[in-house]
1. Determine the shape class of the stretch 205-282: with a ≥ b ≥ c the square roots of the Cα gyration tensor eigenvalues, call it rounded for a/c under 1.5, and otherwise prolate if a/b is greater than b/c, oblate otherwise.
2. Quick one: if the Förster radius is 41 Å, what FRET efficiency do residue 56 and residue 109 give, using the C-beta to C-beta distance and rounding to 0.05?
3. At what distance in angstrom do the alpha carbon centres of the stretch 159-220 and the stretch 446-474 lie from each other?
4. So for the pair residue 195, residue 262, with labels modelled 7 Å out along Cα→Cβ, what separation do we get in nm?
5. Just want the ordering: 98, 58, 150, 70, from fewest to most Cβ atoms lying within 10 Å of their own Cβ.
6. Assuming 0.36 nm per residue, please report the length gained on full extension of the stretch residue 320 to residue 305 beyond their Cα-Cα distance.
7. Evaluate E = 1/(1 + (r/R0)^6) for residue 454 and residue 417, where r is the Cβ-Cβ distance and R0 equals 45 Å; express this FRET efficiency to the nearest 0.05.
8. Return the FRET efficiency for the residue pair residue 359, residue 94: r is the Cβ-Cβ distance, R0 is 35 Å, and the value is rounded to the nearest 0.05.
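Bear in mind these aren't lab numbers, they're just calculated from the coordinates by the rules spelled out. Everything numeric in this text was worked out from a predicted model, so none of it was measured. Ideal geometry is used to build each Cβ from the backbone, glycine not excepted, and the neighbour counts take in all protein chains shown.
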């Protein structure tokens, strides 16, 4: 069984089966049409991609491409497709575009099968989405659908492309246009496997799109939730698996297991599945020492089983204005950075504060010449007393009508004291911020029945308009969608 994994699998929970070419007995085999002459290394490359082991898939594909001989067009096509999809899943969209464009040239040159042609077109549509070319993405998907229909009008491959097309239309706000794509995909899934995660995803797509169009189809969502909860993946320890079968519980407005609220002035989203409730909110941390996106997360376990949280890394993905994978910042690293930055700032405050001086002006009335131990000096050219009371003493004077004005720069002890106080305050504030991060950081943890835990996750700062936050729970994912 050869399964094409979810493109941008770490992004799109709404389409956990999108662009997935799952093969079964009733659908044509991609391996048979494209990979018929590939080595075991290429098969391993595809398997690594299916399992989400993208580093290994990239290495295998690169090595295999480097060892190809002349005339192995079909082999090169298959390897470049896999490599392009690997780059997509890693967020390396520029290299993905290069590989997939090469794959498309090979597909046209070799008169490849409709299956291979449809797959490359589907992949390229993802590239166009990352480039904000939504209309071109949908046009390309329509071409992929036409190629796929020449093979079969009821395959899971066709359903995958239909889901993808529906999602692109939905992202553009074209809900009426998205509806027939989702409806046809659901019809195909119901014929193939009436209890699969892929079917549950299609049920959710149809329900969600209908909700946006003002229609109510509660039975569809209830069926989808039941399928996903019956997997009990929330309570299973995480293990590598085909990413196309990942159970994702997504926040959907209007869904009976989802709720909106507020906490501390932030909009909070809540998802419940298998009696596990996860709440999440996100805000830009405007600390003086470090900018970041801070996700506030709370997990409440009302089931009778323990649940493992964050045994995989969470993910934060910007969808708009353009698709970006945002890196998580480790709490210990962030706390240390804040402390160092605070101490550096305090150090400079102390240094410049220690140099603070003020000017003193003294007027002296006199007649005749001014005498000092060196003899007489005319009042207009006198330079004051010849001794220096302290280092840096720089007196000067000027004489007007027998009045001498003495201007002297002396230490400003009050300003120096204020600088020391400010430096100490900066140090204290940075240490308090770092301490807060360490104390509230959320990491891998097992939440026992009846327990509630909460904490924060930190990500690189970004100016997003729409983004997804994914929290791993057992072998499943909870996904939240935030709009600014």
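1. In terms of gyration-tensor shape, oblate.
2. 0.90
3. Here the answer is 27 Å between Cα centres.
4. Label at residue 195, label at residue 262, 4.5 nm between them.
5. 70, 150, 98, 58
6. Gain in length upon complete extension: 1.6 nm.
7. In this case the efficiency is close to 0.60.
8. About 0.05, to the nearest 0.05.
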